[in-house]
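The values are calculated or read from the model by the stated rules, or taken from the named source; none is laboratory data. Everything quoted here is computed from the prediction, not taken from an experiment. Backbone-built Cβ (ideal geometry, glycine too); neighbour counts: all protein chains shown. To get the accessible areas, we keep the full protein, side chains included, count just its heavy atoms, and leave off ligands, DNA and RNA. Shrake-Rupley method; radii C 1.70, N 1.55, O 1.52, S 1.80 Å.
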Amino acid sequence: MSTLWSGRFDTAPDAAALEWGSSFAVDRRLFEDDVTGSLAWTRALAAAGVVAGDEARRIEAELAAILDRGRSDPAFVDGADEDVHSFVERLLVERLGDAGRRLHTGRSRNEQVSLDLRLYLRRRIPVHQRAVARLVRALVDQARAAGEALMPAFTHFRPAQPVLVAHYFLAHVAALRRDHDRLGFARSEADALPLGSGAIAGTSYSIDVHALARDLGFSRVVANSIDASSDRDFAATFLYACAATMVHLSRLAEDLVIFSGDGHHFFELSDRLSTGSSMMPQKKNPDPLELVRGKTGRAIGDLMALLTALKGLPSGYNKDLQEDKHIVFDAEDTLVGCLAVMPPVVEGLTLDRARAASAASGMLLATDVADYLVGRGVPFRSAHEVVGGLVRKLVAEGREFADLHIDEWQAASDRFGPDIVGSVRSEASVAAKRTPQSTAPAAVAAALAEAGNWLAREGR
């Protein structure tokens, strides 16, 4: 196995320990980023006069050839090397000899691993944001298709008040848009160049790090070389964004498991995205949704794993940080898989309008009855007590508000007028809302239009 540090020792490293400590099986995913960083470092060395121009051009040409080969043939990125950095440098030295050995001048693996992971997240996060936007689009499309359809909203897992089905779908849109923003923040946190920090104290060569940052597309340079060598806040921020997104995917999955189940059956899942039972012929199981729910724990665990590794480290680089890539890639893979399956699940939903609307009536209109009394001068707390008494009576008798005659209304309160009969309806409840974030049809229409504009900007 090739290492970059063998000169210090007079014996070969223990083979088993070296293999155990190798990270190439994991960090090979950073191959493109490692070569990209090395190309820019070569140009910076040449600009500083550390490497002659002709040698720098030869190094660049070979690095470009290595990059092209790795992109066209992923199996090429393999070998008995300690890590991806050793792999790239070994190939370069095999092709150029001493010229290849000049590449690492003034540079440490400590800053190189940070650079590679930052470059990786910068290019990968937009892919995940587009996947989030695809799910947002599926939810928006369902909201548009629902139109004026009604369903119950829940608190404490009990039916609470009527809402538009579109308003329900837009609730998940709101959460996912926050996830989209969080991923963007993680990308901006990774957007700082660590090169020039050396192993911990900086570099003795006159590297123009600001020009190097521009070359690699970074907006800024890190502030402190000691901090840079051990900073993985950007990775933790990405992991938090993954975990938060997975939590929201899990909640959407749980909703759809419940609302498509026999207890509610507001939605029907597509046969294409359900499974059956090996024993019970009647079963239609929401396995993809259950797997999303189950996999959420992985993403949360990955965040905890990195934070736990970081919390006990002294300043400067420590080998514990090698775990960051395994953790980041595991969370990313979990997120990618779940974001791939959720849009088709949502796209395949069929709404049972009659069943959902039926569940959005009855005692869910109690607050509207209280608001009716408030509109006639009754203090809300008194109105609440009056309507609570009516609810007790109706529940005991197995009746609903629509069953009450005017004399029964007025027996409860003389503030009820004849217009109360027939006016306590789910459609009226929804239409009565006035705030812009509410389920009022006009508010939902405005929210749908705004979500469409957001998709036009971010969903490309």
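Structural remarks
- Of all residues in segment 212-236, those satisfying the criterion of being open to solvent by 20 Å² or more (accessible area, probe 1.4 Å) and of a type outside the set (S, T, N, Q) are ARG214, ASP215, GLY217, ARG220, VAL221, VAL222, ALA223, ILE226, ASP227, ASP231, ASP233.
- Taken over segment 316-343, the criterion of being among the β-branched types (Val, Ile, Thr) and open to solvent by 30 Å² or more (accessible area, probe 1.4 Å) is satisfied by VAL336, VAL341.
- Within segment 398-415, being polar (S, T, N, Q) and at pLDDT below 95 holds for no residue.
- Residue list for segment 390-405, restricted to those being part of a loop (DSSP other than H, G, I, E, B) and among the aliphatic types (A, V, I, L, M): LEU404
- Some residue of segment 379-395 being out of contact with any His (no Cβ under 9 Å at 6 or more places or on another chain) and under 30 Å from ASP287 (Cα atoms): no
- Taking segment 383-401 as the range and being touching a residue at least 24 places away in the same chain (Cβ under 8 Å) and loosely packed, with under 13 Cβ neighbours inside 10 Å as the test, only VAL395 passes.
- Test: SER278 is within 25 Å of the chain's Cα centre (by Cα), at negative phi and open to solvent by 30 Å² or more (accessible area, probe 1.4 Å): no
- Contact map, segment 432-458: first residue free of Cβ contacts under 8 Å to residues at least 12 places away in the same chain and more than 11 Å from LEU164 (Cβ to Cβ), second residue open to solvent by less than 40 Å² (accessible area, probe 1.4 Å) and part of a loop (DSSP other than H, G, I, E, B), Cβ cut-off under 7 Å, separation 6 or more or different chains; pairs are ARG434/ALA440.
- Listed by position, the helices (runs of 4 or more DSSP H) inside segment 56-165 whose residues that are within 30 Å of SER426 (Cα to Cα) and open to solvent by 10 Å² or more (accessible area, probe 1.4 Å) number at least 1 are 109-146.
- If you check SER277, SER315 for being in a loop (DSSP other than H, G, I, E, B), touching a strand residue (DSSP E or B) at 6+ places or on another chain (Cβ under 8 Å) and modelled with pLDDT under 95, only one passes: SER277.
- Looking only at residues in segment 344-368 that are in a loop (DSSP other than H, G, I, E, B) and not polar (S, T, N, Q), the one that is most open to solvent (accessible area, probe 1.4 Å) is ASP352.
- In segment 341-369, the residues that are over 11 Å from LEU150 (Cβ atoms) and acidic (Asp, Glu) form Cβ pairs under 9 Å with partners that are open to solvent by less than 20 Å² (accessible area, probe 1.4 Å) and outside any helix (DSSP H, G or I), at six or more places apart or across chains, as follows: ASP352/PHE266; ASP352/PHE267; ASP368/PRO162.
- Criterion (at pLDDT below 95, open to solvent by 70 Å² or more (accessible area, probe 1.4 Å) and among the hydrophobic types (A, V, I, L, M, F, W, C)) met by exactly one of ALA47, ALA25: ALA25
- No other residue among ARG107, ARG58, ARG43 is touching a residue at least 12 places away in the same chain (Cβ under 8 Å), out of contact with any Gly (no Cβ under 8 Å at 6 or more places or on another chain) and within 19 Å of GLY217 (Cβ to Cβ) apart from ARG43.
- Candidate set from segment 166-187 (those that are among the small types (Gly, Ala, Ser) and open to solvent by less than 30 Å² (accessible area, probe 1.4 Å)); member that is nearest to SER260 (Cα to Cα): ALA166
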